[in-house]
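Undergrad: Submitted below is the structure of interest, expressed as structure tokens.
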């Protein structure tokens, strides 16, 4: 039962990721995400490194999920398990997208400065 719930959540996240990954890539390309990261040199360098790493892996999985879905649903009756590979690819995309959103959530957080009177 737990396995079914986890797979369902991954596939649901993958369906959201089909629209979310291109949106996040566009936001990264236009510089919208970089403006939300704190202005520390280490934070900026770390953000660029990991954002490129996560976005490249997400785009690769996104392209793969679209390819597998096209291949599964263009099969003319000879495929006995059509859709299983698509669900697995979309679930994989969902897992990668959750990692990307988790990274962006932590990268954009603001650290409050400590004052002597507070």
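The values are calculated or read from the model by the stated rules, or taken from the named source; none is laboratory data. Keep in mind that what you see is a predicted model, and the values were worked out from it rather than measured. All Cβ positions, glycine included, derive from the backbone under ideal geometry; neighbour counts span all protein chains shown.
Undergrad: Exactly one of (1) in a helix (DSSP H, G or I); (2) surrounded by 11 or more Cβ atoms within 10 Å (Cβ to Cβ); (3) within 18 Å of the chain's Cα centre (by Cα) is unmet by residue 32. Its number?
TA: (1)
Undergrad: Taking the options 102, 83, name whichever one is loosely packed, with under 15 Cβ neighbours inside 10 Å and in contact with a helix residue (DSSP H, G or I) (Cβ under 6 Å, 6 or more places away or on another chain).
TA: 83
Undergrad: Hey, another quick one. Filter the range 35-52 for residues that are assigned to a helix (DSSP H, G or I) and surrounded by 13 or more Cβ atoms within 10 Å (Cβ to Cβ) and give the result.
TA: 36, 43, 44, 46, 47, 48, 50, 51
Undergrad: In a helix (DSSP H, G or I), at pLDDT below 85 and either farther than 18 Å from residue 89 by Cβ or within 10 Å of the chain's Cα centre (by Cα) (or both), is that true of residue 16?
TA: In short, no.
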